[in-house]
Amino acid sequence: PLPGGGTQRYRVRPVPVLAPALAARFPQIQTYEAQGLDDPTATARLDVGPGGFHAQVLSAGRAYYIDPAGDSAHAMAFNKGTGALADGWACLTGGRGPGAGLADLAGQPNGAQLRTFRLAVACTPEYSLTQGNTVARVLAAVATTVNRVSGVYERELAVRLVLVANEDQAIFLSGAGAPVASPVYSNNNGTAMLGQNQTNLDRVIGTNNYDIGHVFSTGGSGIAYVASACSPTEKAGGVSGQANPTGDSFNIDYVAHEIGHQLGATHTFNGTGGDCGGANRSPRSAYEPGSGATIMAYAGICAPENVVANSLPYFHSRSYDEILAFLAGQGTCATVTSTGNRPPVPVAGPGYRIPLGTPFALTGQATDPDGDALTYAWEEFDRDSVTSPIASPTGNAPLFRPFAPSLSPTRTFPQISDVVNNVQTIGELLPTYARWLHFRLVARDNRAGGGGVDYDSTSLVVIGTAGPFRVQQPNAAGAQWQPGTNAAVAWDVAGTAGAPISAAQVDILLSTDGGYTYPTVLLAGAPNTGAATVAVPTSAPLTAQARVMVRAVGNVFFDISDQNFSIVRVLATQPPAAAAGASVYPNPSTGAATLAMANAQRGPVTLQLFDALGRPVWAAQATKTTEAWQYPLDLGPLAEGVYSLRVALPAGPLVLKVVRQ
């Protein structure tokens, strides 16, 4: 089922989240992975257990979940939540952090091999109490979280997490009579639990029986040793705690984030507000403006610089680099198998020189050797040695936030809704000074069981002596174009026609949906002189939501008109004296009106009423039997506005203006 109704089909198969011996002892817990059939970009993780049915679906530009609705007999489907994280939450890092100092990591395609890590998760008694306080129910809750987190890691990094065979020995229940004696866990002190968890998991699981250790609590914080997986002395150094440790925010913002640290990833945010301040920022990885939006950022806890409320279930390409570098170096304790998958091959395209303060759009392409359905994400890849406020960036600070991967290989900077509405939003700011902008096009093949990922890079040079490039006409309120006529378009060239930008030509395009899409080319290859005359197509639809785009040829920058204008079929009106003594009264009218005519010949009369765009809204046939003649008009059903009444007489038509109030 889908949020809002409807269904989609999937190919489903079991996936091992519980080690075979553990699964044999708890057969009531079943886990599955799925690949979309109707939407081949969709991958899903499903589980059934004592707590009911759970599902996580990730697809192009979307994530949604299915969870029990109050009991295990009913479920609800809902889109990824937007609720903010609890105040005071912060992720801390500790340990050696060998991956954190790698300034320039070489990208590499990934997805041909699946790396499987044995994961041991300890549960504090306080956590167990929130999950039913029985081993089976707590294990089911842990399996739901690990299944969802592993689904993200497999899609993004071809990394699988499997709970160890004696995972049930690490579940510590609350109260007397618990089957496993509870060790000392400082539930509300994440730093203390780093060492406590290493000691306890080594004791109850066995130091040689797991690759990554973690502890779930209700303490309201997260902390992990960076690049600690596989380390005999620090591999259990990961803590995730939340008062209500379930759902999307716990699974992604906490658990996936902290395990990301254990696999070598550092923080990617560049913000200064809230918990983004202080030592939490990782200068060598601060590629996301403000709070950031991806798994290793600080979504929702960096007010007033929050870009999103919760993390997107995706890694920034910097995190991808860090984790793959760790897996190729110190993190080699995983079991490696072939996926049979080949990663996509993206091409970001050439670089350009662009004017400052001007929107632009980047378009790349990618192929997949296996024919898998691809998604694309354009990421800015800039960072500065020092941070700056998100609303007033300086130096090489990142300007543009990451978005979820989509089906389109094109991204508009800033997002097209900002351009249409003439607004600036944090995380989508145009450059206002000369600088470089670096970008990566990340392609994903979204293969369940081990996704393939690769990226390609390109750069832009912002020229400080050119721009902003701006459309100036049509911008006037009430502007109208008529199909089949010529219309003027004007723009401020702003130094873009000559060197170093050298955009000698522009294309002029038409939108009829308020500026979001531009399917009609009005004029191709016009000289970039600041003015052109275009022919309005006779087939142009009548609309009150027209916009014009002027786009550089052989470059990526553009601008659009600032407000909607109309395309209308103009109907000239005649004054009553010239219209055979015709008039409409009362005019304006609130509903009932009368057409009065005198001194015109008798005979059949055709009446048609058109709105301001020239669209017919009413018609009638009548017969004029007397020289002085009246006909009732019912304007009540019409919306307020200006209309044209066309009266076709044997001697010819006349047109009258009618106002509905």
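General remarks:
- Scanning the stretch 614-625 for residues that are in contact with a Lys or Arg (Cβ under 7 Å, 6 or more places away or on another chain) and in a loop (DSSP other than H, G, I, E, B), we see that the one that is modelled with the highest pLDDT is Thr625.
- Val548 being modelled with pLDDT of 95 or more, under 17 Å from Asp559 (Cβ atoms) and of a type in the set (Val, Ile, Thr): yes
- Any hit, the stretch 273-290, residues being at pLDDT below 95, out of contact with any Lys or Arg (no Cβ under 8 Å at 6 or more places or on another chain) and farther than 26 Å from Ala192 by Cβ: yes
- Residue match in the stretch 227-250 (condition: basic (Lys, Arg) and under 22 Å from Leu119 (Cβ atoms)): yes
- Identification of strands (runs of 3 or more DSSP E) wholly contained in the stretch 141-227 with 3 or more residues that are hydrophobic (A, V, I, L, M, F, W, C) and touching a residue at least 24 places away in the same chain (Cβ under 8 Å) yields 159-163, 212-217.
- Yes/no for Thr268 being in the same structural domain as Thr207 (by TED's automatic domain parsing), within 20 Å of the chain's Cα centre (by Cα), under 19 Å from Pro393 (Cα atoms) and among the β-branched types (Val, Ile, Thr): yes
- Hey, Leu92 modelled with pLDDT under 80 and in a loop (DSSP other than H, G, I, E, B) or not: no
- Every residue from the stretch 36-62 that is modelled with pLDDT of 95 or more, surrounded by fewer than 21 Cβ atoms within 10 Å (Cβ to Cβ) and within 25 Å of Trp378 (Cβ to Cβ): Asp39, Pro40, Ala60
- Enumeration of residues in the stretch 589-603 that are more than 19 Å from Glu640 (Cα to Cα), assigned to a loop (DSSP other than H, G, I, E, B) and among the small types (Gly, Ala, Ser): Ala598, Ala600
- Among the residues of the stretch 335-360, the one identified as over 30 Å from Pro468 (Cα atoms), touching a Ser or Thr at 6+ places or on another chain (Cβ under 6 Å) and of a type outside the set (Ser, Thr, Tyr) is Val345.
- Flag for Pro3 being part of a loop (DSSP other than H, G, I, E, B) and either within 24 Å of Thr134 (Cα to Cα) or more than 23 Å from the chain's Cα centre (by Cα) (or both): no
- Residues of the stretch 532-555 classified as crowded, with 23+ Cβ neighbours inside 10 Å and β-branched (Val, Ile, Thr), total: 2
- Residue match in the stretch 472-480 (condition: at pLDDT 95 or above, in the same structural domain as Asp559 (by TED's automatic domain parsing) and touching a Gly at 6+ places or on another chain (Cβ under 7 Å)): no
- Hits in the stretch 11-37 (condition: free of Cβ contacts under 8 Å to residues at least 60 places away in the same chain and either within 20 Å of Pro68 (Cα to Cα) or of a type in the set (A, V, I, L, M) (or both)): Val12, Ala23, Ala24, Pro27, Gln30, Tyr32, Leu37
One line per residue, one yes/no per condition, for (1) without any contact (Cβ under 8 Å) to a residue 24 or more places away in the chain; (2) more than 25 Å from Tyr65 (Cβ to Cβ):
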residue	(1), (2)
Ala279	yes, yes
Ala286	no, yes
Gly290	no, yes
Val307	no, no
Phe315	no, no
Arg318	no, yes
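The values are calculated or read from the model by the stated rules, or taken from the named source; none is laboratory data. Quick caveat: nothing in here was measured; it's all calculated off a predicted structure. With ideal geometry, Cβ positions are generated from the backbone for all residues, glycine too; neighbour counts draw on all protein chains shown.
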